[in-house]
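**Student:** First the structure, which I've put down as structure tokens, then a few questions once you've had a look.
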Amino acid sequence: MQNFKRVYALATVALSLGLWLQRIYNWEHKAKSAISLLLYILVVVSFELYMVPMFAAAIILYEFLARWIGFKSFETWVMNADLQDQVSKEDESEDGEEFSFTAKMKMVLGVCQTVQNSLDLVASYCERVKNVFNWTIPFLSFMAAAVLISGTILLYFVPLRWIILIWGINKLTVKLRDPDYEENQEVLNFLSRLPSDVELNQMRVITKESSKRTNSKMLKSRRHK
């Protein structure tokens with residue numbers, strides 16, 4: 001139970017960060033989104049490798065100031081008010097009443113099912129990536145090869161910094177230019193068109209059964225003749 005609470009707390013912080021980025025992306029607060037866009041441009045244009053440990057050190061120093069001076073911590077700053085209220089209410093309810101054995105079993109089974117589904121999703125996408133290189137579906141593999149060759153030529157002539165800058169500006173301003181735009185995950189959509197190994201085995205079994213049925217029907221028709 002304690003480990004579940006630890007994982008749940010980390011998942012809540014990650015969910016809060018995702019919701020915060022989604023609000024920035026949707027331009028719900030135009031001032032914050034505009035500032036985020038300017039910061040993104042400045043970071044991409046002036047980014048150097050030494051900034052990675054510098055950024056980590058800045059977070060550690062900020063947490064030190066938050067603890068000893070009274071600033072809002074990074075975790076509290078990321079989490080929105082709704083999730084903070086939800087977590088606090090759940091903590092109060094857990095402290096106020098003990099979970100029954102049945103409730104604990106249901107919670108453990110739910111977590112196991114979620115982990116199982118997540119592992120299946122990760123394994124399926126890894127197998128689909130492998131099947132791109134195996135030419136399982138030749139048309140999609142040829143399309144992937146053409147895109148990779150085009151990307152190679154583009155990266156040879158255009159610096160990676162400017163590609164990331166143009167991609168990020170387009171990504172952050174798409175909702176500002178077209179509020180009705182529906183986000184499309186091109187890579188995931190492409191991979192979803194490829195079968196995983198489990199789906200390939202199922203297709204082979206179905207093909208064998210259909211061929212057996214066809215052969216049996218042909219033999220019966222010949223016998224009647």
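The values are calculated or read from the model by the stated rules, or taken from the named source; none is laboratory data. Given the structure is predicted, the values throughout are model-derived calculations rather than measurements. Don't worry about glycine lacking a Cβ; one is built from the backbone with ideal geometry, like all the others, and counts go over all protein chains shown. For the accessible areas, the whole protein counts, side chains as well, though only heavy atoms, and no ligand, DNA or RNA atoms are used. Shrake-Rupley method; radii C 1.70, N 1.55, O 1.52, S 1.80 Å.
**Student:** For segment 32-56, which positions are of a type in the set (Gly, Ala, Ser) and more than 13 Å from Leu172 (Cα to Cα)?
**Tutor:** To start, the set of residues in segment 32-56 that are of a type in the set (Gly, Ala, Ser) comprises 33-34, 36, 46, 56.
Ser46, Ala56, listed by residue number.
**Student:** Something else: Just the residues that are out of contact with any Gly (no Cβ under 7 Å at 6 or more places or on another chain) and either among the polar types (S, T, N, Q) or in contact (Cβ under 8 Å) with a residue 60 or more places away in the chain (or both), please, taken from segment 31-70.
**Tutor:** Filtering segment 31-70 down to residues out of contact with any Gly (no Cβ under 7 Å at 6 or more places or on another chain) leaves 31-39, 41-43, 45-70.
Within segment 31-70, Ser33, Ser36, Leu37, Ile41, Val45, Ser46, Phe47 meet the criteria.
**Student:** Filter the helices (runs of 4 or more DSSP H) completely within segment 72-149 down to those with at least 1 residues that are farther than 30 Å from Val198 by Cα, open to solvent by 80 Å² or more (accessible area, probe 1.4 Å) and at pLDDT 85 or above.
**Tutor:** Values: elements: 74-78, 81-96, 101-133.
So the answer is none; nothing clears 1.
**Student:** Would you tally the residues in segment 172-194 being within 16 Å of the chain's Cα centre (by Cα) and assigned to a helix (DSSP H, G or I)? It would help to see each step written out before you state the result.
**Tutor:** Kept after step one, since they are within 16 Å of the chain's Cα centre (by Cα), are these residues of segment 172-194: 183-192.
From what's left, assigned to a helix (DSSP H, G or I): 186-192.
Going through segment 172-194 one residue at a time, the tally reaches 7.
Residue-by-condition table, conditions (1) loosely packed, with under 10 Cβ neighbours inside 10 Å; (2) modelled with pLDDT under 85:
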position: Asn189; (1), (2): yes, no
position: Ser196; (1), (2): no, no
position: Arg204; (1), (2): no, yes
position: Glu209; (1), (2): no, yes
position: Lys225; (1), (2): yes, yes
